[in-house]
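Engineer: The structure's right below; bear with me while I get my questions together.
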Amino acid sequence: MRMSVRTIGQAAEAAGINVETIRYYERRGLIEQPPSSGQGYRHYDDAVLWRLSFIRRAKDLGFTLAEIAGLLETDGTGVRSSGAVLAAAGSRLAAVEQEITDLEATRVRLRSLLVLCADDDAGCLDLDHPCLA
């Protein structure tokens, strides 16, 4: 099986990210800086493209770069642990569900404030009103 080799621009386009983002990920240690060719160009292979895509998808799911770095760690054999991804996804889901619960409570309080303000101008200024608790 032949491995594709890309320039940094081609790798960025294929992964749907910016060239500067690739350089940033290299500085952060999320991907290794590939060796340069004889002409001084860096060439990115399929393994790097996979990592770039993984990072982008994980960021889209709300993982931080530090969390992503942990997900990309290997057990010394180069094998990524699906258990680690599963545990991180479960933890992230719990955090998202708590955020949703908190936002729903805020929505209820804001709706109460709107009703209070519509019915009573003076009461609108009382943010300690029991219906806003």
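The values are calculated or read from the model by the stated rules, or taken from the named source; none is laboratory data. Bear in mind that the values here come from a model prediction, so they are computed numbers and not experimental data. Here the Cβ is made from the backbone with ideal geometry for all residues, glycine too, and neighbour counts use every protein chain on show. Side chains included, ligands, DNA and RNA excluded: accessible areas come from the protein's heavy atoms. Shrake-Rupley method; radii C 1.70, N 1.55, O 1.52, S 1.80 Å.
Engineer: Among the residues of the stretch 9-64, write down those that are within 24 Å of Ala88 (Cα to Cα), free of Cβ contacts under 8 Å to residues at least 12 places away in the same chain and not in a helix (DSSP H, G or I).
Structural biologist: Passing the criteria: only Thr64.
Engineer: Quick check on my filter: what residues within the stretch 22-53 are surrounded by 16 or more Cβ atoms within 10 Å (Cβ to Cβ) and touching a helix residue (DSSP H, G or I) at 6+ places or on another chain (Cβ under 7 Å)?
Structural biologist: Those that are surrounded by 16 or more Cβ atoms within 10 Å (Cβ to Cβ) and touching a helix residue (DSSP H, G or I) at 6+ places or on another chain (Cβ under 7 Å): Ile22, Tyr25, Leu30, Ile31, Pro34, Arg42, Tyr44, Val48, Leu49, Arg51, Leu52.
Engineer: Exactly one of (1) under 23 Å from Ser4 (Cα atoms); (2) open to solvent by less than 60 Å² (accessible area, probe 1.4 Å); (3) at pLDDT 95 or above is unmet by Ala94. Its number?
Structural biologist: Of the numbered conditions (1) under 23 Å from Ser4 (Cα atoms); (2) open to solvent by less than 60 Å² (accessible area, probe 1.4 Å); (3) at pLDDT 95 or above, the odd one out for Ala94 is (1).
Engineer: Residues of the stretch 54-66 being touching a Leu at 6+ places or on another chain (Cβ under 8 Å) and open to solvent by less than 70 Å² (accessible area, probe 1.4 Å), which ones? Before the answer, list the steps.
Structural biologist: First, pick out the residues of the stretch 54-66 that are touching a Leu at 6+ places or on another chain (Cβ under 8 Å): 54-55, 58-59, 63, 65.
Answer for the stretch 54-66, where residues must be touching a Leu at 6+ places or on another chain (Cβ under 8 Å) and open to solvent by less than 70 Å² (accessible area, probe 1.4 Å): Phe54, Ile55, Ala58, Phe63, Leu65.
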